[in-house]
Structures are given as structure tokens and as C-alpha cells.
Amino acid sequence: MTATIIDGTAVAADIREKIKGRVAELYAATGRKPGLATVLVGEDPASQAYVRMKGKNSVEVGMESFSYKLPATATQEEVEGLVRELNANPAVHGILVQLPLPKHLNEEAILGAISLEKDVDGFHPVNIGRLVMKGRKPLFIPCTPKGCMVLLERSGVPLEGANAVVLGRSNIVGMPMAALLLHANATVTTCHSRSRDLPGICRRADVLVAAVGRPKMVKGDWIKPGAVVIDVGVNRVEDPTAKSGYRLVGDVDFDEVKEVAGMITPVPGGVGPMTIAMLLQNTLDAFERTV
Ligand code: NDP
């Protein structure tokens, strides 16, 4: 059996098209556009590329993009000062502080300084708190796990009562992903670097989400036949045949796993494009609350 490929690129393009239409409609009605501000501290090349892509995508759907770059030596007060300025700027509806921040900065305080109404990454401690509580609603759900949920929904994957396993417990992917699956009434197991017998735990999963940052860690014999596999991982591996000298692979050994799974997301072209589409959706939602 070969798994059905869940095409994140196509789903994300469809969502972006809908967002573009709604942005144009709102602009015609109000003369205003949603504005997304990105804040990059330091010169990490991967972060620079992510921020560029987010800015470009927001402009493509008709939003206003504001890009702020601070040196790696920026102080806590400088970064928080910029966030407060953006909080007060009525043209800015979403604020994204690119992570990771340089080590000397207090990430929690900076994320906590973002206005709740503009927290389009969904990382403000209050939004995260509401996300993990029963019966509370965050204003925004973090983009990557939200994108995974949309892929599962659009693929018609039943979650109620399903055994879901999440590999990874980070604040930005694993932990919110587990919370969302739990809210969807799955029975959720979260694994991490201290978990024992990962293959055995994974073999019980009807839905497996891998977010560990370990190239091709999840093997074909870890998979229950017919399971749905969502690969969040983005890992650079050397590839002398590629122009750049490297290529991107997921946390899942795609060639092996696709022979056992029922559905699988590829890397690239799975979760990645969904993350940006969800950021645009969150920015549009933030704007809509102001009109
Ligand atoms: P982190 O490094 O913050 O977290 C990794 C998690 O995986 C931790 O919980 C860690 O456990 C766990 N882990 C690491 N190694 C193992 C192992 N050998 N066995 C079991 N668990 C392990 O990573 P992120 O959550 O930020 O990202 C995960 C992956 O997703 C990365 O490849 C990243 O590039 C990608 N990513 C992709 C996005 C997209 O849009 N497609 C967006 C964000 C991330 P412990 O807690 O014990 O340390």
C-alpha cells in the first residue's frame, strides 16, 4: 500500500486565495488593509529567510507588511520598546517576533509584551494558557499546529477517540499540537527525548505528528498500517547533488513510511506552507476584529 500524499502546498494556496479575496472585500468597504509587523533580532540566516517569506506572502494577499530588524546586541528594553510602539500603531494588526531570540533576551517577557489582540503567532502566555485550558478560547492558535489541524480536517481524518501521538513537546509545536488534538477528543500521548520505546508508542498511533527536528527519525516499522502521519520537521541534510549543497528532509523517513501509512505529508510541501497560510489567517482575523 502507498499512502495518499496530503498536499499542503495546494491546501495553503486555496486558503491564501480566500484570504486575498476577503482582504480585497474589506479594503473596498473600509479603505483599510490588515497590517503584519515582523520583528527580527540578529542575523540568523534561517530566521531571515522565514521573515522575508512571511512579509512577501502577506503582501501577495494584499496586506501591509512592516519589517523591523534589530542587531543581535539589542537590549531587552529596545525589543520591548519596539513591541510597545507596534502595539500602539493602528496600522499594525499582527505582531510577530521571530524566534529563537538571542540568548541574553527574556523571550517570555517579550512575547508577553505583545498586545493580546495582535498576538498572531499565538505565543503570548495568556493565549497559550487559554489554549491548554478546557472551555477557554485563545484569541489566536499557534500557526504550525493550527495548520496541522486544518490538514487533518480537510483530509477527513476522524480524531474523536483516535490514538494520537505527538513527538516533541516544544512551546511552539508539540505542546500546542497535543492540546488541539485533545480538544478534538483524541486520546493523546506526547513523547520527548526522555520517552522510552518510541517505536512501540508510535505503532499504536492512528495519527502521528512528528516535531522533533531529527532527520528521518521515524521509520516504516514504527507505523501502524493505515495511520495518518504529519511530518512537521524541517532538517537540512548535506546533498552534493543539490545546487545549494543541502536539501530539506522531515523527521519522518518518507520513502519507508509512505509504504505503510494511509496518509502522509511530504517535506517540503506539507506543513511548511500551512504555517504561513495560518499566519495570514490569524492576521486577517485580528484585522476583522477591528472593523
Ligand atoms: P525543539 O527543538 O524546540 O523541540 C524538539 C522536541 O523534540 C523536544 O520536545 C525534544 O524533547 C524532542 N526530541 C528531540 N530529540 C528527540 C528524540 N531523539 N526522541 C524523542 N524526542 C526528541 O523543536 P521545534 O518544536 O521548534 O521544531 C521541531 C521541528 O519542527 C524542527 O525540525 C523544526 O525545524 C520544525 N518546524 C517546522 C515548522 C514548519 O512550519 N514546518 C515550524 C516550526 C518548527 P525534550 O523536550 O525532551 O528536549
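The values are calculated or read from the model by the stated rules, or taken from the named source; none is laboratory data. Everything numeric in this text was worked out from a predicted model, so none of it was measured. Note that we place each Cβ from the backbone using ideal geometry, even for glycine, and neighbour counts take in every protein chain shown. SASA here: full protein model, heavy atoms, side chains in, ligands and nucleic acids out. Shrake-Rupley method; radii C 1.70, N 1.55, O 1.52, S 1.80 Å.
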Over 24 Å between C-alpha atoms is what I'm after, so list which of 18/146; 18/258; 103/134; 137/224; 216/243 land there. 18/258; 103/134; 137/224
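Return the FRET efficiency for the residue pair residue 136, residue 244: r is the Cβ-Cβ distance, R0 is 45 Å, and the value is rounded to the nearest 0.05. If you can, show how the numbers build up before the last one.
Values: r = 44 Å, r/R0 = 0.97.
Working from the Cβ atoms, E equals 0.55.
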q = 0.17, 0.21 Å⁻¹, the stretch 155-264: log10 I(q)/I(0) [Debye, one scatterer per Cα]: -0.76, -1.09
Separation of alpha-carbon centers, the stretch 74-89 and the stretch 145-171, rounded to whole Å: 35
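Can you tell me the accessible area per residue over the chain, all protein chains present, probe 1.4 angstrom, in square angstrom? Let's see the in-between values first.
Working: 13780 Å² over 291 residues.
That works out to 47 Å² per residue.
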Points 7 angstrom from Cα along the Cβ direction at residue 67 and residue 24: gap in nanometres? 2.5
At 222 nm, what helix-only mean residue ellipticity would the chain give, in deg cm²/dmol to the nearest 500, using -39500 (n - 2.57) for each DSSP H run of four or more? -12500 deg cm²/dmol
Share of alpha-carbon pairs per 10 Å distance bin for the chain, given as whole %: 7, 27, 34, 24, 8, 1
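With charges only on Cβ, +1 for K and R and -1 for D and E, what is the dipole size of the chain about its Cα centre, in debye, rounded to 20?
On the way: 33 positive and 32 negative charges, 65 e Å.
Magnitude of the dipole: close to 320 debye.
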Over the stretch 194-291, what relative contact order in percent results from Cα pairs under 8 Å that are six or more residues apart? 26
I want the local charge near residue 114. Using Cβ-Cβ distances under 10 Å, sum +1 for each Lys or Arg and -1 for each Asp or Glu among the other residues. -2
For the chain, with the dipole built from +1 on Lys and Arg beta-carbon atoms and -1 on Asp and Glu ones, taken about the Cα centre, which of 112, 208, 57 lies farthest toward the positive end? 208
